[in-house]
Amino acid sequence: MNSSPSDPQTDDDAYMHEALALAARAASEGEVPVGAVLVQHRRVIAQGWNQPIGGHDPSAHAEMIALRDAAQKLGNYRLLGTTLYVTLEPCVMCAGAIIHARLSRLVFGASDPKAGAVNSVYDVISKPRLNHIVEWRGGVLEQECGAILRDFFRARR
């Protein structure tokens, strides 16, 4: 995305829409519908969607895939000056990777009352005790992000 709206919330909404499209892709593949895009200098540099089932990989969360892709593209595991947009509040594994990669900012859609590691269940990012602080914002397009998850699980019951 190379648009240049001046309102940061407009950017957040636009990038979250991109993450939602990736979540829909995950759902179409039978995966829990979570999507993520990583942005640097207002340009998407990496993306991911949940793939643990198809990839036989418990760490293949949308966030992890986007972080791995960006690190390979940039030739550095430190992803300074980036913002991660993800449709669901990250889990402990993903929150740890976000901190370790030194992301500047995290934006998520729906909260995760069962495994969220920003501020729902754990406070890995909101009250960091580690050596890097990540700015964060939750609830962006929360209704849409929550609906895709609810619809997915409702259809599986």
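The values are calculated or read from the model by the stated rules, or taken from the named source; none is laboratory data. Computed from a predicted model, the values in this text were never measured in an experiment. Neighbour counts run over all protein chains shown; Cβ positions are idealised from the backbone, glycine included. Each accessible area value is taken on the protein alone, full model and side chains, heavy atoms only, with ligands, DNA and RNA left out. Shrake-Rupley method; radii C 1.70, N 1.55, O 1.52, S 1.80 Å.
See the values below:
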read-out	value
Top-ranked residue in the stretch 21-32 [being free of Cβ contacts under 8 Å to residues at least 40 places away in the same chain and not polar (S, T, N, Q); ranked as surrounded by the most Cβ atoms within 10 Å (Cβ to Cβ)]	ALA26
Among the residues listed as ALA155, ALA117, the single one being over 15 Å from ALA19 (Cα atoms), modelled with pLDDT of 95 or more and among the hydrophobic types (A, V, I, L, M, F, W, C)	ALA117
Yes/no for VAL39 being part of a strand (DSSP E or B) and under 15 Å from the mean Cα position of the chain (by Cα)	yes
Pairs with Cβ under 8 Å, 6+ apart, first in the stretch 33-50 and of a type in the set (Phe, Trp, Tyr), second open to solvent by 20 Å² or more (accessible area, probe 1.4 Å)	TRP49/ARG25; TRP49/GLU29; TRP49/ILE65
Neighbours by Cβ (under 6 Å, 6+ apart or cross-chain): first from the stretch 95-115, more than 18 Å from GLY48 (Cα to Cα); second open to solvent by less than 10 Å² (accessible area, probe 1.4 Å) and among the charged types (D, E, K, R)	SER111/GLU89; ASP112/GLU89
Single condition SER126 does not satisfy, out of (1) farther than 20 Å from LEU20 by Cα; (2) at pLDDT 95 or above; (3) among the hydroxyl-bearing types (Ser, Thr, Tyr)	(2)
